[in-house]
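Taking it in order: structure first as structure tokens, then the write-up.
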Amino acid sequence: MAVVRVKPGCSFRTIAPAGFVILSTLKAITRELSFDVTITSACDGAHPAGDGAQSLDPHYTGEAYDLRTHDLTPLQKGQLLTTLITRLGDRFYAFLEAPGTGNEHIHVQRRRGTLYTVLDYLAA
Ligand SMILES: [Zn+2]
């Protein structure tokens, strides 16, 4: 059975309700698609928020994850991204970051400007 793997050193010190949704959706998708997916970044690493406010970066608030794409075929990459976008719905956002470069990965997060509370999580 395919599983979600985690790169050593990845920090999950905070997981927000939206983060739980992303993780459980990823787990279900991985099983369906039958290939392993590796989380390369959670709360760790440098993720500039663009405005210097590091605390606002969704990685630091437990609402964003990076997924390795280098070990996936182009077909698997497309399947993973499309399924994530479809399953998570419009309160989430996923895209292929830095395509074709050494830093290529899928970044998935709660969509900016939206709120996802524990009540939303429990109701979903
Ligand atoms: Zn990211």
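Structural remarks
- Sorting the segments 71-79, 21-29, 89-97 by their mean number of nearby beta carbons within 10 angstrom, highest to lowest, gives 21-29, 89-97, 71-79.
- About the Cα centre, charge dipole magnitude for the chain (Lys/Arg +1, Asp/Glu -1 at Cβ), debye: 260
- Given charges at Cβ of Lys, Arg, Asp, Glu: the chain dipole, positive-most of Y116, L33, A18: L33
- The HN-Hα couplings worked out from phi for the stretch 7-23 by the Karplus form 6.51 cos²θ - 1.76 cosθ + 1.60 (θ = phi - 60°) are 4, x, x, 5, 9, 10, 4, 10, 10, 7, x, 5, x, 4, 4, 4, 5 Hz, whole numbers, x standing for Gly and Pro.
- Stretched out straight at 0.36 nm per residue, the stretch from M1 to T73 would grow longer than its current Cα-Cα span by 24.1 nm.
- Expressed per residue, the C-alpha convex hull volume of the chain stands at 111 Å³.
- DSSP bridge orientation in the chain - percent antiparallel, rounded to nearest 5: 80
- Stretchable slack from S11 to D90, in nm (0.36 nm times residue separation minus alpha-carbon distance): 25.8 nm
Any read-out appearing in this document is the output of simple, stated calculations on the displayed coordinates, not a laboratory observation. Small disclaimer: the values here were computed from a predicted structure and weren't measured. Don't worry about glycine lacking a Cβ; one is built from the backbone with ideal geometry, like all the others, and counts go over all protein chains shown.
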